[in-house]
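Readers should treat all values here as calculations from the given coordinates under stated rules, not as data from a laboratory. Please read these numbers as outputs of a predicted model, since none were measured by experiment. FYI the Cβ positions are ideal-geometry reconstructions off the backbone, even for glycines, and counts take in every protein chain you see.
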Amino acid sequence: PAHQQFPITVDKPLSEFFMDSTRLIPQEITRVTKPGELPEWELSEGQYESLYHQILGMGVAEKVKLAFLGNREARDILVRDPNKMVALAAVRSPKIQEAEIDAISKSKHVCEDVLRQIASTKEWSKLYHIKFNLASNSKTPIPLVMQFLPHLREPDLKKLAKSKNISQVVATQARRIAESKSGG
């Protein structure tokens, strides 16, 4: 067992482990339907560092639970966790706000799976600035970026075409789409 309070073993498939971890979440939290419905509070710098050290000592199940139920600062730390399950739990939290998703979609310090999750969540991927952030993030998988390019405005496509921070394939496609939108 990972911890006395969380009798979950790691000798099972990740999907089962994730399901077992989410069963530990109180029912009233799982009924929240829209991200950002629950109130947030912020930590001072000292409290943030203390939270970071607490997280370092946690097991995976505890991190998943904190990522799903915790505050903004906890999600900010846990979304960059090397364990994909923890990072995904942070981005799937019912408490997550649009501003957090905006920052995460720009971040080069999150794994591809987190960016994939944002892109596949209809609520987030329909927002223009999230599409642009994902398209301009070098960590976003190329097939996802290619889906977003036709939906971007011409000036943003031109920025992407000139960008050195993205794949050459994406830059070339952005240039082609920008040229076709401008009519030449």
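See the values below:
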| read-out | value |
| --- | --- |
| Where labels lie 7 Å past Cα in the beta-carbon direction, separation of Lys122 and Ala99 in nm | 2.8 |
| For region 142-156, 3J(HN,Hα) per residue [Karplus equation, 6.51 cos²θ - 1.76 cosθ + 1.60, θ = phi - 60°, Hz, x = Gly/Pro] | 4, x, 5, 4, 4, 5, 7, 3, x, 8, 8, 6, 4, x, 5 |
| Å³ per residue enclosed by the Cα convex hull of region 114-154 | 61 |
| Within straight-line cross-link reach of Lys139, lysines at Cα separation under 16 Å, skipping those fewer than 8 residues along the same chain | Lys84, Lys106, Lys108, Lys131, Lys164 |
| For peptides 157-167, 69-79, sequence by mean Cβ density within 10 Å, most packed first | 69-79, 157-167 |
| Mean shadow area of region 69-164, taken as a quarter of the surface of its Cα convex hull (nm²) | 5.9 |
| Sum of side-chain charges, Arg176 neighbourhood, beta-carbon under 13 Å (Lys, Arg +1; Asp, Glu -1) | +1 |
| Whole-percent pair-distance distribution, where bins are 5 Å wide, for the alpha carbons of region 91-133 | 5, 24, 41, 25, 5 |
| Nearby lysines by direct alpha-carbon distance to Lys95 (threshold 18 angstrom, same-chain neighbours under 8 apart not counted) | Lys34, Lys63, Lys65, Lys122 |
